[in-house]
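K.L.:
Please see the structure below; I have some questions.
The values are calculated or read from the model by the stated rules, or taken from the named source; none is laboratory data. Because the structure is predicted, anything quoted here is derived from the model rather than measured. Because the Cβ atoms are built from the backbone with ideal geometry, glycine has one as well, and the counts that use them run over all protein chains shown. The accessibility values were calculated without ligands, DNA or RNA, using every heavy atom of the protein model including side chains. Shrake-Rupley method; radii C 1.70, N 1.55, O 1.52, S 1.80 Å.
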Amino acid sequence: MSKHILITGASRGIGLETTKFLVNKDCTVTAIARSEDKLDQLRAYAPEQIFTLVLDITDADSADAIQNHLEDHQLSIDGFIHNAGLLINKPFLEQTNNDWEKQLAVNLMAPIMLTKKLIHNFNKDSHIVNIGSMGGFQGSEKFPGLSAYSTSKGALAILTECLALELSEYGIKANCLCLGAVQTEMLETAFPGIDAPVNPVEMGRFVGDFTLNGGTFMNGKILPVSLHNPE
Ligand SMILES: NC(=O)c1ccc[n+]([C@@H]2O[C@H](COP(=O)([O-])OP(=O)(O)OC[C@H]3O[C@@H](n4cnc5c(N)ncnc54)[C@H](OP(=O)(O)O)[C@@H]3O)[C@@H](O)[C@H]2O)c1
């Protein structure tokens with residue numbers, strides 16, 4: 001039977017390409033982001049297999065909206081890719097409390113809140129894939145300006161280990177992929193002119209395949225997905 005995957009941050013970059021990969025693997029995908037026009041374009045790629053939800057995942061009622069959508073279409077969750085991300089690039093001493101709150105709201109609190117509220121919508125043998133970053137991987141090279149971003153991703157990684165333990169009674173696996181540089185809008189905004197070794201299509205293929213198959217072999221793992229060593 002076709003698997004149903006939920007993915008946040010599907011309007012561009014890695015999330016967009018992961019969605020296309022999953023559709024080509026016969027999955028049904030619910031693609032979530034705030035940009036309605038971009039989600040409409042994505043839906044046109046495979047209207048029979050892609051549902052779109054225009055949502056800000058930091059809104060308090062976003063879980064209810066997803067739950068209503070699942071009920072309306074009689075869908076349950078085989079995979080949940082927490083991919084939506086925000087990157088604030090600012091020196092630590094200039095960051096405001098509001099910067100930290102915004103950073104943590106998207107990258108950490110939303111995955112926490114959505115996972116918790118949708119727990120009864122997951123199927124047995126489902127897989128949560130948290131999209132972390134090499135910046136949030138212990139011992140990796142750190143970059144100035146990314147303290148809030150990297151901290152949010154480091155916390156997401158540790159959360160993954162905790163979820164693997166506590167959600168095992170629901171038959172849910174959880175893993176965190178700590179990505180290295182991928183040529184997307186986020187990377188280009190943070191590091192203008194950067195030339196990343198991986199493009200979003202390639203990373204989308206990896207993330208999609210890992211979501212479908214990685215939970216069979218791994219649980220509670222924080223995995224560096226990077227061509228360089230140690231970063
Ligand atoms: N690119 C890299 O080099 C790299 C490296 C390591 C980790 N990552 C991680 O990989 C993930 C994808 O990154 P990317 O490079 O593809 O980024 P991107 O091109 O900036 O895309 C980010 C996605 O997140 C969505 N989003 C942001 N805030 C949202 C919110 N409040 N509610 C709903 N959706 C929201 C955006 O859609 P809307 O604006 O339409 O809402 C967009 O679809 C992120 O978690 C990022 O931290 C990326």
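K.L.:
For 122, 191, 206, 80, write out the residues from largest to smallest accessible area, computed with a 1.4 angstrom probe and no ligands counted. Don't skip to the end; give the middle numbers.
P.N.:
Values: 122 20, 191 60, 206 90, 80 0 Å².
Per-residue accessible area, sorted high to low, gives 206, 191, 122, 80.
K.L.:
Could I ask something else about it? Anyone know which of 200, 144, 91 comes out most mobile in the 10 Å Cα GNM of the chain?
P.N.:
144
K.L.:
Give me the number: length gained by fully extending residue 94 to residue 199, i.e. 0.36 nm times residue separation minus the C-alpha to C-alpha distance, one decimal in nm.
P.N.:
Details: separation 105, 0.36 × 105 = 37.80 nm, distance 3.15 nm.
Gain in length upon complete extension: 34.6 nm.
K.L.:
At 7 Å along the Cα-to-beta-carbon direction for both residue 141 and residue 124, put a label point, then send me their distance in nm to one decimal.
P.N.:
Taking the two extended label points, one gets 4.7 nm.
K.L.:
While we're on this one: Skipping prolines and chain starts, which residues have an amide H placed within reach, meaning under 5 Å, of the one on residue 30, given they are 5 or more residues away or on another chain?
P.N.:
5, 6, 7, 51
K.L.:
Could you work out the relative contact order of the chain, using alpha carbon pairs under 8 angstrom and six or more residues apart, expressed as a whole percent? Walk me through the numbers on the way to the answer.
P.N.:
Values: 450 pairs, mean separation 49.5, N = 231.
Reported as a whole number, the value is 21 percent.
K.L.:
Right, here's the next one. In vacuum, with every alpha carbon of the range 1-142 counted as one equal point scatterer, what does the Debye formula give for log10 I(q)/I(0) at q = 0.11, 0.17 Å⁻¹? Two decimals, please.
P.N.:
For the range 1-142, the Cα-only Debye profile gives -0.42, -0.94.
K.L.:
Go ahead and estimate [θ] at 222 nm for the chain from helices alone: -39,500 (n - 2.57) per DSSP H run with n ≥ 4, summed, over the residue count, rounded to 500.
P.N.:
Working: 8 runs with 89 residues, N = 231.
-11500 deg cm²/dmol, from helical runs alone.
K.L.:
Under a 1.4 Å probe, what is the accessible area of the chain per residue, stated in Å²?
P.N.:
Numbers: 11410 Å² over 231 residues.
Roughly 49 Å² per residue, with all protein chains present.
K.L.:
Now, a different point. How big is the range 76-231 by the Kirkwood estimate over distinct Cα pairs, in Å? Mind showing how you got there, number by number?
P.N.:
On the way: mean 1/r = 0.0627 Å⁻¹.
Roughly 16.0 Å, rounded to one decimal.
K.L.:
Show me the trypsin sites (Lys or Arg not before Pro) within the range 69-151 that DSSP assigns to loop and that have at most 10 other Cβ atoms within 10 Å of their Cβ. If you can, show how the numbers build up before the last one.
P.N.:
Values: sites: 102, 116, 117, 124, 142; in loops: 142.
For trypsin sites (Lys or Arg not before Pro) across the range 69-151 that sit outside H, G, I, E and B with at most 10 neighbouring Cβ atoms in 10 Å, the list is empty.
K.L.:
Would you work out the relative contact order for the range 25-139, in percent, from Cα pairs under 8 angstrom that are 6 or more residues apart?
P.N.:
On the way: 101 pairs, mean separation 31.0, N = 115.
Averaging sequence separation for qualifying contacts and normalising by length gives 27 percent for the range 25-139.
K.L.:
A follow-up question, please. Please identify every one of the GluC sites (Glu not before Pro) in the range 1-108 that sits in a loop by DSSP and has no more than 13 other beta carbons within 10 Å of its own beta carbon. Spell out each step's value before the answer.
P.N.:
Numbers: sites: 17, 36, 48, 71, 94, 101; in loops: 48.
Here the sparse-neighbourhood loop sites are 48.
K.L.:
In addition: Which value in Å does the Kirkwood hydrodynamic radius of the range 84-162 take, with 1/r averaged over all unlike C-alpha pairs and then inverted? Intermediate values should be presented prior to the final figure.
P.N.:
Working: mean 1/r = 0.0746 Å⁻¹.
About 13.4 Å, per the Kirkwood formula over Cα pairs.
K.L.:
Which percent of the accessible area of the range 4-225 is formed by carbon and sulfur heavy atoms (probe 1.4 angstrom)? Before the final figure, lay out the partial values.
P.N.:
Details: 5430 of 10490 Å².
Answer for the range 4-225 is 52 percent, counting heavy atoms of protein chains only.
K.L.:
So, counting K/R as plus one and D/E as minus one, what does the shell of residues with Cβ under 12 Å around residue 188 add up to?
P.N.:
Numbers: positive: 12; negative: 185, 195.
That sum, taken over residues with Cβ under 12 Å, equals -1.
K.L.:
Another question about this same structure. Once ligands and nucleic acids are excluded and a 1.4 Å probe is used, how much of residue 8 is accessible, expressed in Å² to the nearest 10?
P.N.:
0 Å²
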